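Trainee: After the structure tokens below, expect a handful of questions from me.
The values are calculated or read from the model by the stated rules, or taken from the named source; none is laboratory data. Fair warning: this is a prediction, and the values are worked out from it, not measured in the lab. Backbone-built Cβ (ideal geometry, glycine too); neighbour counts: all protein chains shown. SASA here: full protein model, heavy atoms, side chains in, ligands and nucleic acids out. Shrake-Rupley method; radii C 1.70, N 1.55, O 1.52, S 1.80 Å.
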Amino acid sequence: MLQAPRLSVVIPLRDVAPYLPTLLATLRSTERADVELLFVDDHSRDETPAIAEAALPSFPLARLLHLDATTGLSAGRNRGLDEAAAPVVTFLDGDDWIAPGYLDEALARFEERDVDVMRVDHTRVTGNRRAVVRNPIGVRGTPVDVRDHLLPVHRPTIVDHPTAWGGFYRRDFLQSRGLRFDERLLTAEDRDWWWRTLLADGRVSFEDLNGYRYRRGVTTSLTQIGDARQLHYFDSLDRSLAAVTADREAERLLPKVWRGYLAILLSQHRQAERLHPSSRHEQARRNREVLRTVPQDLLHRTLIQMSRTDVELLMRLGLAVPDITRLQLGRHRAPADLVPDVDPDALAGGAAR
């Protein structure tokens, strides 16, 4: 008899036929029989659905679902959440893979910690190069109050690692807090979702567990596409800003969300050459629109320790700074050490639509 699932793994798929066999092979290393796999195909135009369908009999609990006319990574994840039968859920992307025993160990730890959210580290894979990416928090293996770890403004913190696949979640916690993915976002959906998850006051732990292999440079990634879908990071960040503004600690946290907004704005501006001309024009317009709304009373706390070069570029893009000499700028420090790491693949997520 089949066991009731204890973990549901939601795996959105879109044109990942070259990569899916690797993920399937690593999933077969899972020893537990109570892990439910939910493959959600988003109108793939290659052999992805056939590969997934053929693999179903090799897993104790696995289903292949198909999206309707609604498309996108967010829609795939939401569909998986709706179909999940286990009390704990996690996410995998179809072009990534996992280490042997990763799901077994993660579920055991989650149940031992008795938390709502458990975050793990991962390995970033670019071609033949690998880099371990750790959540920037020193407290490991025990529940923490995440609000104590959202600051400082000028250093990367847990909020700057917005990957849905980087954690495990109690399903009824997500449901009770309305933590679904905005299906209008085709890029940067994780950033908005992660801010709202952190503000939901759940029990959260961070673990020394690294079993997720995140593949960068996938040819079908939205980072390789130059149209207006790339600009959805504006909408995601606007949603994050609204969530923080409505929070009980808005005064303390708004400089942090604004600093992240400006860091991403700078990063995307410096990659503007990959956009189509019309999208570059729209990006410039939205840059000006956003920069006009940065609160002047938060200006110092938002720009603290930012390099003068970055601030001057923001001013050219439309930020009003009455007196730059009064800001505490990091003149002699590398900007990369001071602003959140902005990973364009993490911003995009998913295959091209």
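Trainee: Report those helices (runs of 4 or more DSSP H) wholly inside segment 239-311 carrying at least 2 residues which are among the aromatic types (Phe, Trp, Tyr).
Mentor: Answer list for segment 239-311: 250-269.
Trainee: Taking segment 85-101 only, how many residues are open to solvent by less than 10 Å² (accessible area, probe 1.4 Å) and either more than 20 Å from Asp208 (Cβ to Cβ) or not in a strand (DSSP E or B) (or both)?
Mentor: Number satisfying all stated conditions: 6.
Trainee: Looking at (1) in contact (Cβ under 8 Å) with a residue 60 or more places away in the chain; (2) open to solvent by less than 10 Å² (accessible area, probe 1.4 Å), which one does Glu111 not meet, given that it meets all the others?
Mentor: Status for Glu111: all satisfied but (2).
Trainee: Let me ask you something else. I'd like the full set of residues that are modelled with pLDDT of 85 or more, surrounded by fewer than 20 Cβ atoms within 10 Å (Cβ to Cβ) and either of a type in the set (Lys, Arg) or closer than 17 Å to Leu237 by Cβ (or both), limited to segment 311-353.
Mentor: Listed by number, the residues that qualify are Arg316, Leu317, Gly318.
Trainee: I'm trying to understand the selection: among the residues of segment 212-242, which are modelled with pLDDT of 95 or more, crowded, with 18+ Cβ neighbours inside 10 Å and among the small types (Gly, Ala, Ser)?
Mentor: Scanning segment 212-242 gives Ser236, Ser240.
Trainee: Does Ala17 count as small (Gly, Ala, Ser), open to solvent by less than 60 Å² (accessible area, probe 1.4 Å), in a loop (DSSP other than H, G, I, E, B) and touching a helix residue (DSSP H, G or I) at 6+ places or on another chain (Cβ under 8 Å)?
Mentor: yes
Trainee: Within segment 32-50, how many residues turn out to be assigned to a loop (DSSP other than H, G, I, E, B) and not small (Gly, Ala, Ser)?
Mentor: So the count comes out to 7.
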